[in-house]
Amino acid sequence: MADTNRRSKKKPVGEKPELLRNFYEGMSLVRTFELRASEMYARAKIGGYCHLNLGEEATVVGLTAALEDRDYLYTTYRDHGYAIMRGMEPSVVMAELFGKATGVVGGWGGSMHMFDLDKRMLGGYGIVGGQIPPATGAALAISFRSEAGPESEAVMCLLGDGTTNIGAFHESLNLAGLWNLPIVYVIVNNGLGMATTVEDASAEPDLYKRGSAYRIEGTRVDGDDPIAVRDAARAALKKARVERRPSLLELMSYRLKGHSVVDPARYRSKEDTDEAKRNDPVTAFRAKLVADGVLTEKDADAIDDGADKVVTEAVAFADESPDPSIDELFDKVYSTPVANAPRRLPGEPVVVLS
Amino acid sequence: MSEVTMPRLSDTMEEGELAHWMKNVGDRVEKGDVIAEIETDKATMDLEAFESGVLEKQLVEEGTIVPIGQAVAVIGDGTSSAAEPESATEVETPAAGKKQEAEQDTVSAKAKGEIESGELEEDDLEQSAEPGQPAESPQPATAEKAVEASSGADKLRMSPLARKLAHDNDIDLDAVKGTGPQGRIIRADIDAAIETKGTKGGRGPVAAAPAPEDADAEIISLNKIRKVAARRLTESQTVPHFFLTNVVEAERLMALRVDVNNGLANQGVKISLNDFIIKAVAIVLRQHPEANSSWNGDSILRHRRVNVGVAVATDAGLLVPVVADADRKTLSEIGAEVVELAGKARDGKLPLDQMSGGTFSVSNLGMFGIDEFTAMINPPEAGILAVGAASPVPVLRNGELIELSKMKMTMTVDHRVLDGATAAAFLRDLKGILEEPLRILV
Amino acid sequence: MSESASEPRIITYRQALSETLRAELERDENVFLIGEEIGVFKGSYKITAGLLEDFGPKRVVDAPIAEEGFVGAAIGAAMLGLRPVVEIMTLNFSLVAIDQIVNHAAKMHAMFGGQVKVPMVIRFPGGGGQQLAATHSQNLEVWYAHIPGLKVLAPSTPAEAKAMLTAAIRDDDPVIFLENLALYSVKGEVPDGEQVAEIGKAAVVKPGSDLTIVSYSRGMVTALQVAEEFEQKGVSIEVVDLRSLRPLDRETICASVRTTSRAVIFEDDMLSYGIGAEISATIGEGAFDYLDAPVRRVAASEVPLPYSKPLETAALPHAADLSRVVQEVLDATRFTK
């Protein structure tokens, strides 16, 4: 694992207790939701792939706290927590995981494709790096249609440490740096692609430096400290809005478990997993708030119970929701109706003889 | 108390082997503890407890393969515990080493066998065929078997078009010699066979050689319309029928028609005499529902709607489009509709729904100068009215010789549906309304 | 813009495209162009000449050589409601962006539950025959025609170019707009005023009764040439222009073959798994009883296209090849006039 002097000793001095409490509520909700999603996958209620934000809760809460309603968010496929903290109902996110008609995208996307146009959560992408060019294009559109300033919209684009090696990353950062686009690229560095470490994949493993080829400033941040994350993101977004300059943030975090629910992560050493558990940001943040008197243990328990209740209701909602109808199978292919659009199920005749 | 089931741990997993218990019966278990190791098709995974409690039962032995969703353990509060597995479900014990994926379906294995046996047919063919001409272009192995079956073999080669034409024209394909590539029977061969058949006066299947052309007669093959008409007219012959004729004094009708058309002149609408007749027929049909009926095999169908078929002559043959609900349409509507239907009929664009559903038909040969004629019933309708030309006739009235316009109508009636008296009453009332034509308008 | 029908002008395919881009840029401020060398250089095929000067760098965007990047960026802009018209220098280079086109543009509307539209046009010329060698001469439009969520258009004349580009820009779905290097200088009558084509329909460009030739894009020039040649000999050939590769108008194709009973497909792409394969299967299913001979395809040889002229010429399909195959089909049915 990379250097250990990444732990910031930032104390949440001056932060309002209400805000800290809200942060913990968010982290607890995301943790509970993701653990339950893992269980639901094992119970075969969720199919396909399922990537969890376990260990990433501080990043989720910090980044979404920095975003304004008018900003656009693009994420990787590890998107459940971001969807919830961006304002999508846990029940509707769970329903999407179950593939139901009441899901976020009507059962059409699943775990990797959470999307809500009104809340400006623009996906959820299964292709590694696939989100980066569109995110850059969204920033381009903003630069065309509005002036720089504190009220300007901005784009935040999340990506993983492994993603920094793909062409789309480099092409997009080049465009952003060249065209002065209002976008913040956030690398969530959990140290591993699937099993490949950052050092084994990137010629420059200090990922925050990888924007320098495009003259994009990079900052490394402690991803386990939601306040630090929020502050860094806010600053970068402000730069995007006011200066119309892109930024690169590298958030250091740990994956608590495997790459996805089907990965037992046997490639990690015991020390590594133990360290991850020791540094569990949710328990750490909780402990800090209790130590600082912001919450009592009882308060914290109550918050956790509340999260449990919300997630349990979400599962019930998803369970009871109907599947999407086969009748709508062809309805979402095109936005503009067009003659002769195929609507054939397998084996149906290609042309009906008249 | 709750059951712990075999979890789904990968998108391709269908069953797992409970490789190793990590907790014993009676052990305290916390939520998240690993209670067993599961061997899947891809990796060895941990089975975590979703709830806290005491491991009361281990339901399967180590090494057992269990399908997803089946219970493997029970976690409870510790009050009940048994060492024996309770579940009576049969599970496979694995061979040493990797577990298998989903078993092969016995059904699909059978199907494979059937496909293989199906190839025997082609082999048989090959053995019985005479050595055929070599294929002109490279063909895949299986197709070669078909290619060799040219002359003298079991399978005929013909283009789909040739096959269709042969079928439509009752040509026996076995008797046709194919002159296309590889001896394929093509359209030209069928066309020739049809000609020969026609020339020989339909003496049965045609000889292989094309027949010499006959200079005295030209064969007109039947189009679809004529074929169908031929069949239905033959059918019409079987209907027990009788005829009734009467003569209508058409003066007032013709005068009214002139008036009506004058009134509609600036709208570009022209009502024909036949339109008046159609409307009149419709009104009288409404008054005589027994005439608005059909023979139904073992019963009579009395129709609720009055749909009048109007005979139209086209180049392709006689068509009878239907003016539906003619009793409820105005004269102008009927006039416009008849023009439209006739046009469509002549263009060959008449849809099926405008050609069916008729309850009575009207045929008018007046424009050809025919005085009177008898029409053939359009089965299963009970009647058809044949209208002749309205022509001037000298009449002695009150001692004076005057000229009147008279029009003859002949009704053909299905005797199974209508008897003489009923039909006569219909025709009498029709005459009545045509001679007081204002009644058509109200 | 001008009013009702005046004298149709005769202009090149290139001019038709250029005028249409200009007209749409004027009509809708959300429309913008993006591509390599389309501004200062005026476009590698001069389609976009003059547009940067008149509309400025926010409407005509010169992109670096980064197809995946700028096609993906166009997708993002479209998600926010802009209407990008992306120029990729040739079809060959679109492969660099194929992930963004196939995995993103085509699928976003469905994958995100119908919430978002991707109203963009990606235009590029395909085709070979200019000794540009293997990687610069391909006709891979069938790859895109295979993908649900895309619309794929192939105008064959200047008039079609105008009408179809207009329709494509106004359509809310991602449209692949296939041009052809050999068509850019072709002249034709183009009606004035607004022309908006119907997407998804083929057209019988030349009616006939004895044999159907199906083609699209540059192939139409050859098809019509050969049809005229046979007309002189008394054979009436019907020529069907596909116009739209996705959706495909199967009914028009089948209706034609049901009348003529003979079909030959002429395509610039390679034979196996090409556009013609789909047409052939369609005819086989939709006009089966009416075929008097097998459906034939005239397509390019399956080889990475060589540079040397005689080799290149041998590998590509020409009018002589089409004529020969048409005659073979006529002979196989013992056609006489």
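The number of residues in the range C:48-99 that are in a helix (DSSP H, G or I), among the acidic types (Asp, Glu) and within 12 Å of chain A (Cβ to nearest Cβ) comes to 3. Consider the range B:335-377 and keep the residues that are within 17 Å of B:ASP325 (Cα to Cα) and among the charged types (D, E, K, R). The one that is least open to solvent (accessible area, probe 1.4 Å) is B:GLU337.
Return yes when B:GLY309 is at pLDDT 90 or above and open to solvent by less than 30 Å² (accessible area, probe 1.4 Å) and no when it is not. Yes; evaluated as a whole, the condition is true for this residue. What are the residues in the range A:281-322 that are outside any helix (DSSP H, G or I) and either touching a strand residue (DSSP E or B) at 6+ places or on another chain (Cβ under 6 Å) or more than 30 Å from A:GLY103 (Cα to Cα) (or both), if any? Passing the criteria: A:ASP292, A:GLY293, A:VAL294, A:LEU295, A:THR296. The listed residues are C:SER256, C:SER272, and the only one of them that is open to solvent by 30 Å² or more (accessible area, probe 1.4 Å) and at negative phi turns out to be C:SER272. In the range A:115-143, the residues that are basic (Lys, Arg) form Cβ pairs under 9 Å with partners that are part of a strand (DSSP E or B) and open to solvent by 10 Å² or more (accessible area, probe 1.4 Å), at six or more places apart or across chains, as follows: A:ARG120/A:TYR72. From the residues in the range A:87-97 that are in contact (Cβ under 8 Å) with a residue 24 or more places away in the chain and buried (at least 23 other Cβ atoms within 10 Å of the Cβ), which one is nearest to A:VAL30 (Cα to Cα)? Residue satisfying both the conditions and the ranking: A:PRO90. What are the residues in the range B:20-43 that are open to solvent by 30 Å² or more (accessible area, probe 1.4 Å) and touching a Ser or Thr at 6+ places or on another chain (Cβ under 7 Å), if any? Scanning the range B:20-43 gives B:VAL25, B:GLY26, B:GLU30, B:LYS31, B:GLU37, B:ASP41, B:LYS42.
When we screen A:ASP274, A:ASP319, A:ASP304 for residues that are within 25 Å of the chain's Cα centre (by Cα) and surrounded by 15 or more Cβ atoms within 10 Å (Cβ to Cβ), the only hit is A:ASP304. Return yes or no: is C:ILE88 surrounded by fewer than 16 Cβ atoms within 10 Å (Cβ to Cβ) and in contact with a strand residue (DSSP E or B) (Cβ under 6 Å, 6 or more places away or on another chain)? Criteria not met by C:ILE88. Going by what's in this entry, would C:SER280 be described as more than 9 Å from every other protein chain (Cβ to nearest Cβ), in contact with a strand residue (DSSP E or B) (Cβ under 8 Å, 6 or more places away or on another chain) and open to solvent by less than 10 Å² (accessible area, probe 1.4 Å)? No; evaluated as a whole, the condition is false for this residue. Any idea which residue in the range C:326-337 is surrounded by the fewest Cβ atoms within 10 Å (Cβ to Cβ), counting only those that are farther than 17 Å from C:VAL221 by Cβ and more than 11 Å from every other protein chain (Cβ to nearest Cβ)? In this case the residue turns out to be C:LYS337.
Yes or no, residue by residue, for (1) over 21 Å from the mean Cα position of the chain (by Cα); (2) within 13 Å of C:ILE122 (Cα to Cα):
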site	(1), (2)
C:GLU26	yes, no
C:ILE47	no, no
C:ARG59	yes, no
C:MET89	no, yes
C:HIS104	yes, no
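In the range C:171-190, the qualifying residues are those that are more than 14 Å from chain A (Cβ to nearest Cβ) and among the acidic types (Asp, Glu), and the one that is farthest from the chain's Cα centre (by Cα) is C:GLU189. When the range B:44-80 is filtered for residues that are open to solvent by 30 Å² or more (accessible area, probe 1.4 Å), assigned to a loop (DSSP other than H, G, I, E, B) and in contact (Cβ under 8 Å) with a residue 12 or more places away in the chain, the ones remaining, listed by number, are B:PHE50, B:GLU51, B:SER52, B:GLU61, B:GLU62, B:ILE68, B:GLY69, B:GLN70, B:ASP77, B:GLY78, B:SER80.
The condition (being within 11 Å of chain A (Cβ to nearest Cβ), in contact (Cβ under 8 Å) with a residue 40 or more places away in the chain, outside any strand (DSSP E or B) and within 17 Å of C:LEU322 (Cβ to Cβ)) is satisfied by just one residue among C:VAL257, C:VAL235, C:VAL226, C:VAL221: C:VAL257. Among the criteria (1) assigned to a loop (DSSP other than H, G, I, E, B); (2) facing chain C (nearest Cβ under 10 Å), the one A:ARG78 does not fulfil is (2). Evaluation of C:VAL303 against the conditions (1) away from chain A (no Cβ under 14 Å); (2) in contact (Cβ under 8 Å) with a residue 24 or more places away in the chain shows that the sole unmet condition is (2). If the requirement is being surrounded by fewer than 24 Cβ atoms within 10 Å (Cβ to Cβ), of a type in the set (D, E, K, R) and either at the interface with chain C (Cβ under 8 Å from one of its Cβ atoms) or touching a helix residue (DSSP H, G or I) at 6+ places or on another chain (Cβ under 7 Å) (or both), which of these qualifies: A:LYS119, A:LYS100? Only one candidate qualifies: A:LYS100.
Take the residues in the range A:133-147 that are more than 7 Å from chain C (Cβ to nearest Cβ) and in contact with a Gly (Cβ under 9 Å, 6 or more places away or on another chain); name whichever of them is surrounded by the fewest Cβ atoms within 10 Å (Cβ to Cβ). Taking the candidates together, the pick is A:ARG145. As a summary of the residue check, A:PRO150 satisfies the conditions (1) surrounded by fewer than 24 Cβ atoms within 10 Å (Cβ to Cβ); (2) within 10 Å of chain C (Cβ to nearest Cβ); (3) not small (Gly, Ala, Ser) except for the one numbered (2).
When the test is whether a residue is surrounded by fewer than 12 Cβ atoms within 10 Å (Cβ to Cβ), of a type outside the set (A, V, I, L, M) and away from chain C (no Cβ under 14 Å), A:LYS298 passes it.
Within the range A:33-75, the set of residues being in a loop (DSSP other than H, G, I, E, B) and open to solvent by less than 30 Å² (accessible area, probe 1.4 Å) comprises A:ILE46, A:CYS50, A:HIS51, A:LEU52, A:ASN53, A:LEU54, A:GLY55, A:GLU56, A:LEU67, A:ASP71, A:THR75. Residues of the range C:120-170 that are within 12 Å of chain A (Cβ to nearest Cβ) and either open to solvent by less than 10 Å² (accessible area, probe 1.4 Å) or among the hydrophobic types (A, V, I, L, M, F, W, C) (or both): C:MET120, C:ALA145, C:ILE147, C:GLY149, C:LEU150, C:LYS151, C:VAL152, C:LEU153, C:ALA167, C:ALA168, C:ILE169. Within the range C:260-277, restricting attention to residues that are of a type in the set (S, T, N, Q) and assigned to a loop (DSSP other than H, G, I, E, B), the residue that is farthest from the other protein chains (Cβ to nearest Cβ) is C:SER272.
The values are calculated or read from the model by the stated rules, or taken from the named source; none is laboratory data. Note that the structure is a prediction, hence the values are computed from the model and not measured. Please note: Cβ atoms are built from the backbone with ideal geometry, for glycine as well, and neighbour counts cover all protein chains shown. These accessible areas exclude ligands, DNA and RNA; they are computed on the full protein's heavy atoms, side chains included. Shrake-Rupley method; radii C 1.70, N 1.55, O 1.52, S 1.80 Å.
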